[in-house]
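FYI, it's all coordinate maths here, none of it is from the lab. Just so we're clear, the structure is a prediction, and the values are computed from it rather than from any experiment. Cβ coordinates were reconstructed from backbone atoms using ideal geometry, including for glycine residues, and neighbour counts include every protein chain displayed.
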């Protein structure tokens, strides 16, 4: 029996960028409400709100965070909308890391090429990292 790889992609949940944009407006409003004649508070509200808004817009513009096909895996590069295709031959390991650190817990999908490490959380994929790792391993062609 042969396995034919069907292209598949994982994207951020649509509600998450909307939540980020609402949070950005909230930070901006909070900065203005707490200003009380001080310029620092509204400036911080605007800066943090702008950063959160940019993050939300990025997820709206480029919602696909991971894709797989017969030739390899496509991952985001940079902060905005760049994409990089990783051929199967360059991927050394596909693992799920469960270490908690810095107050952040939960499984993280790791795709390691030896030269670069690509990390994805449940929020990046809108799926369980274990299930995505299994799908990636199943899509990877058997080596001779």
With Cα coordinates, the longest principal axis of the chain makes an angle with the long axis of helix 15-33, in degrees rounded to 10, of 20
Cβ crowding within 10 Å averaged over residues, with 79-88, 57-66, 111-120 ranked highest first: 57-66, 111-120, 79-88
nm² value of the averaged projected area, convex hull over the Cα atoms of the stretch 15-61: 2.6
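Counting residues in the stretch 1-86 as N, plug N into 2.2 N^0.38 Å and put the Cα Rg over that result.
This ratio for the stretch 1-86 stands at 1.57.
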How are the C-alpha pair distances of the chain spread across 10 Å bins, as whole percents from the shortest bin up? 11, 32, 30, 16, 8, 3, 1, 0
Determine the relative contact order of the chain: mean sequence separation of Cα pairs under 8 Å and six or more apart, normalised by residue count, in whole percent. 23
I'd like the orientation of helix 40-61 relative to the chain: the angle between its Cα long axis and the longest Cα principal axis, in ° from 0 to 90, rounded to 10. 30
Using the alpha-carbon atoms, what tilt in degrees (0 to 90, nearest 10) does helix 129-139 show relative to the longest principal axis of the chain? 30
For the stretch 15-61, what relative contact order do you get, as a whole percent, if you take Cα pairs closer than 8 Å and at least 6 residues apart? 50
